[in-house]
1. I'm told residue 75 meets every condition in (1) under 20 Å from residue 6 (Cβ atoms); (2) assigned to a helix (DSSP H, G or I); (3) among the small types (Gly, Ala, Ser) except one. Can you identify the failing condition by its number?
2. Restricting segment 29-59 to residues that are of a type in the set (D, E, K, R), within 22 Å of residue 10 (Cβ to Cβ) and open to solvent by less than 70 Å² (accessible area, probe 1.4 Å), which is farthest from the chain's Cα centre (by Cα)?
3. Taking segment 60-82 as the region of interest, how many residues are surrounded by 12 or more Cβ atoms within 10 Å (Cβ to Cβ) and within 22 Å of residue 8 (Cβ to Cβ)?
4. Within the bounds of segment 19-27, is there any residue that is open to solvent by 60 Å² or more (accessible area, probe 1.4 Å), touching a helix residue (DSSP H, G or I) at 6+ places or on another chain (Cβ under 7 Å), not in a helix (DSSP H, G or I) and not β-branched (Val, Ile, Thr)?
5. Give 68, 53 a once-over and let me know the one that is among the polar types (S, T, N, Q), assigned to a helix (DSSP H, G or I), out of contact with any Phe, Trp or Tyr (no Cβ under 6 Å at 6 or more places or on another chain) and within 30 Å of residue 82 (Cβ to Cβ).
Amino acid sequence: LMLGVIYLDTENDAQEFIGTYGLTFPNGLDIRSDISRMYHIQGAPESFIIDQNGEIAEFILGPINPQNVRRTLDALLNEASA
């Protein structure tokens, strides 16, 4: 599951961004910055791959590379099935 967190943005601006880039995964506003504080967000974009135990398996600062994300996800899935 991929989930977007709208960081330091208004709902209208976020909806415009989602529409412009055709994002199809769920996105939610971080109204009180609770999520941002929990993950020590420094700037956007930042991505976190969370493992089956709720731990951060990989942190990516900047745009994501689909091949690197796939490699991390494959490794996590292999661990889960072992």
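The values are calculated or read from the model by the stated rules, or taken from the named source; none is laboratory data. These numbers were taken from a predicted model, which means no experiment stands behind them. For neighbour counting, all protein chains shown are included, and Cβ atoms are generated from backbone atoms with ideal geometry for every residue, glycine included. Please note that ligands, DNA and RNA were not included when accessible areas were found on the heavy atoms of the full protein model with its side chains. Shrake-Rupley method; radii C 1.70, N 1.55, O 1.52, S 1.80 Å.
1. The number of the failed condition is (1).
2. Across segment 29-59, the extreme among qualifying residues is 34.
3. The total comes to 2.
4. No, segment 19-27 has no match at all.
5. On inspection, the qualifying residue turns out to be 68.
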